[in-house]
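Enquirer: Here you go, one structure.
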Amino acid sequence: MIRNPILPGFHPDPSILRVGDDYYIATSTFEWWPGVRVHHSRDLVHWRPLGGILTDPRLLDLTGVPDSGGVWAPDLTYAHGLFHLVYGVVDTYASGYKDVRNYLVTAPSIEGPWSDPVPLPGRGFDAALFHDDDGSTWLLGMVFDSRPGHGFAGIDIQLLEHGKPAGAPRSIFAGTVPLVEGPHLYKVDGWYYLMVAEGGTGYEHGVTVARSRDLFGPYEADPHGPTMTARHDPTLALQKAGHGSLVQTGDGSWYMAHLAARPYTERGRCVLGRETAIQRVEWVDGWPRVAGGVPAVEVPAPDLPAHPWPGADEGWSTLRRPASADWLNLDGARWTVHGGQSPYGTRSPSLVGRPVTDTRCVLEARMAFRPGSVHQAAGVTGYYNSRNWYFLCVTADGLELVVSDKGARTTHRVSDEVPARIGLRVEFDGPVVRFASNTGRGWHAVPVELDATVLSDEYADEFVDGQVRAFGFTGAFVGLWVHDLAGEGAVAEFDTVAYRAG
């Protein structure tokens with residue numbers, strides 16, 4: 001059986017692909033480096049991380065992108081002997097505007113090397129490719145109309161020649177409910193099948209399929225209704241199910257990868273963010289359908305040889321800038337981190353983190369740090385975005401627990417005396433976050449329990465007078481964080497860094 005989610009924690013907007021006996025899933029990374037994480041499987045049950053595709057500044061610039069901006073909804077395809085990756089970089093989404101730049105890169109192998117990015121039109125986000133039987137390649141995307149009173153404006157398609165747009169775009173589908181996005185196109189038995197996400201990426205999310213005999217439509221939606229959604233049943237373990245993409249396996253069966261979320265309470269906050277799950281698809285009366293039209297936690301696996309992988313670390317990410325030697329050095333078990341901007345800076349922060357993948361997990365590290373001024377701090381964090389985070393840190397005033405709640409800061413003094421080397425811990429225990437320190441005489445809890453659900457997609461969403469101020473798309477992280485607000489050369493050394501779930 002496949003047990004969902006197959007990629008727990010922050011792994012949204014999956015694009016699934018089979019090349020031979022290999023299956024790949026690419027997911028969104030937003031403001032985190034490296035861009036576009038990829039996982040690999042041979043049986044759809046066992047998945048291993050391959051790291052990120054966009055690992056070079058020539059491929060991606062996240063400088064200054066807003067919280068939950070950056071890389072949205074990548075699309076991974078294979079044609080003409082090359083992997084094709086289309087991705088969008090969102091610089092603005094607030095106050096009714098969407099500043100999106102879409103790009104195409106190709107590579108002979110999933111490991112690269114990847115070509116220089118080719119700019120594509122940015123009429124909206126969620127761009128994707130369709131490779132037709134005649135060898136042509138088409139660019140799909142949702143259209144966003146920034147004029148007041150407009151917004152989501154359906155799905156369009158445009159021919160690509162030599163990787164560049166040719167001819168005018170054509171609108172092919174307006175959707176069946178408001179907010180249509182995430183298009184993927186497939187050709188099966190002479191029909192073009194358009195799979196889209198509808199209803200927004202929250203609790204109204206769902207997958208809809210429409211089909212046509214002609215590439216340009218008209219597209220008729222499945223009369224049976226949504227292919228999959230949890231919008232009508234708040235008791236389902238997997239909520240927000242949507243943004244699907246199809247794959248046919250080597251044994252001839254079909255599956256759909258999609259995002260889902262697991263709230264801590266019914267229709268409550270999702271600390272783990274949007275995760276990746278898989279459902280089995282059956283073709284009924286010429287339509288691809290999921291059993292019951294709802295996401296299941298356990299799904300029959302395809303008839304393929306089991307292929308488990310040796311244990312592999314999910315990998316760490318860095319915030320808004322690549323892990324370059326000018327600020328981050330890994331020497332065996334020692335992590336040397338040079339300080340960066342304040343928590344609210346969006347140019348050069350120094351945060352190394354990884355997604356929270358379990359409702360109960362711990363990050364521990366031992367740190368050597370001597371602050372040289374009040375402008376410096378270093379420690380461990382439970383982090384959502386620049387406005388919502390918890391930070392146990394060594395400062396010029398001692399050991400402190402700093403809390404940012406929608407940008408409002410409070411500080412809890414823990415200790416005035418701090419040794420040159422100290423152990424630090426952040427623990428997620430269901431809806432509670434706890435911190436602890438170790439000065440060499442065992443762990444001592446910080447006597448403050450914090451609300452883990454502050455570090456959630458729902459809490460991060462902010463609206464002012466009906467307009468978006470901030471989105472929450474990324475789920476919670478734990479990590480190592482160093483501040484050097486005056487650029488005075490603050491450096492922290494971490495060792496015995498360990499993350500464990502359960």
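Enquirer: Across segment 249-287, which residue is farthest from the chain's Cα centre (by Cα) among those that are in a strand (DSSP E or B) and farther than 19 Å from Ile6 by Cβ? Even if it seems obvious, please write down each step before you answer.
Expert: Our first condition is that a residue be in a strand (DSSP E or B); within segment 249-287, this holds for 254-261, 275-284, 287.
From the residues that got through so far, the ones that are farther than 19 Å from Ile6 by Cβ too are 282-284, 287.
On the way: Glu282: 28, Trp283: 30, Val284: 32, Trp287: 29 Å.
The extreme case among them is Val284.
Enquirer: Could you grab the pairs with beta carbons closer than 7 Å, sequence gap of 6+ or different chains, first residue in segment 112-125 and in contact (Cβ under 8 Å) with a residue 24 or more places away in the chain, second one crowded, with 18+ Cβ neighbours inside 10 Å and small (Gly, Ala, Ser)?
Expert: Final answer for the pair search is Leu120/Ala127; Arg123/Gly141; Gly124/Gly141; Phe125/Ala73; Phe125/Gly88.
Enquirer: Determine, yes or no, whether His205 is within 23 Å of Trp283 (Cα to Cα) and touching a residue at least 60 places away in the same chain (Cβ under 8 Å). So that I can check it myself, show each step before the final result.
Expert: Values: within 23 Å of Trp283 (Cα to Cα): yes; touching a residue at least 60 places away in the same chain (Cβ under 8 Å): no.
Answer is no for this residue.
Enquirer: Let me ask something else. Taking segment 167-222, which residues are crowded, with 20+ Cβ neighbours inside 10 Å, touching a Phe, Trp or Tyr at 6+ places or on another chain (Cβ under 9 Å), outside any strand (DSSP E or B) and among the small types (Gly, Ala, Ser)?
Expert: The one that is crowded, with 20+ Cβ neighbours inside 10 Å, touching a Phe, Trp or Tyr at 6+ places or on another chain (Cβ under 9 Å), outside any strand (DSSP E or B) and among the small types (Gly, Ala, Ser): Gly175.
Enquirer: Against the definition (under 12 Å from Tyr384 (Cβ atoms) and out of contact with any helix residue (DSSP H, G or I) (no Cβ under 9 Å at 6 or more places or on another chain)), how does Asp484 come out, yes or no? Can you show your working first?
Expert: Working: under 12 Å from Tyr384 (Cβ atoms): no; out of contact with any helix residue (DSSP H, G or I) (no Cβ under 9 Å at 6 or more places or on another chain): yes.
For Asp484, the condition - under 12 Å from Tyr384 (Cβ atoms) and out of contact with any helix residue (DSSP H, G or I) (no Cβ under 9 Å at 6 or more places or on another chain) - is not met.
Enquirer: Would you please list the contacts, defined by Cβ atoms under 6 Å and residues six or more apart or on different chains, that run from a residue in segment 166-190 that is free of Cβ contacts under 8 Å to residues at least 60 places away in the same chain to a residue that is polar (S, T, N, Q)?
Expert: So the pair list comes out as Pro169/Gln158; Thr176/Thr208.
Enquirer: What number of residues within segment 450-486 are surrounded by fewer than 24 Cβ atoms within 10 Å (Cβ to Cβ) and either among the polar types (S, T, N, Q) or free of Cβ contacts under 8 Å to residues at least 40 places away in the same chain (or both)?
Expert: Qualifying residue count, segment 450-486: 8.
Enquirer: Another one. Can Gly88 be described as modelled with pLDDT of 95 or more, within 25 Å of Glu462 (Cβ to Cβ), of a type outside the set (A, V, I, L, M, F, W, C) and part of a strand (DSSP E or B)? Step through it out loud before you land on a result.
Expert: Working: modelled with pLDDT of 95 or more: yes; within 25 Å of Glu462 (Cβ to Cβ): yes; of a type outside the set (A, V, I, L, M, F, W, C): yes; part of a strand (DSSP E or B): yes.
Here the answer is yes, as Gly88 does meet what is asked.
Enquirer: Further question on the same structure: Just give me the residues in segment 133-150 being out of contact with any Lys or Arg (no Cβ under 7 Å at 6 or more places or on another chain), touching a residue at least 24 places away in the same chain (Cβ under 8 Å) and within 22 Å of Val180 (Cβ to Cβ), in sequence order.
Expert: Scanning segment 133-150 gives Trp138, Leu139, Leu140, Met142, Pro148.
Enquirer: Okay, moving on. What is the one condition in (1) in contact with a Phe, Trp or Tyr (Cβ under 7 Å, 6 or more places away or on another chain); (2) under 24 Å from Arg274 (Cα atoms) that Ser146 does not satisfy?
Expert: Only one criterion in (1) in contact with a Phe, Trp or Tyr (Cβ under 7 Å, 6 or more places away or on another chain); (2) under 24 Å from Arg274 (Cα atoms) is unmet by Ser146, namely (2).
The values are calculated or read from the model by the stated rules, or taken from the named source; none is laboratory data. Since this is a predicted model, take the numbers as computed values, not measurements. Note: ideal-geometry Cβ built from the backbone for every residue, glycine included; neighbour counts use all protein chains shown.
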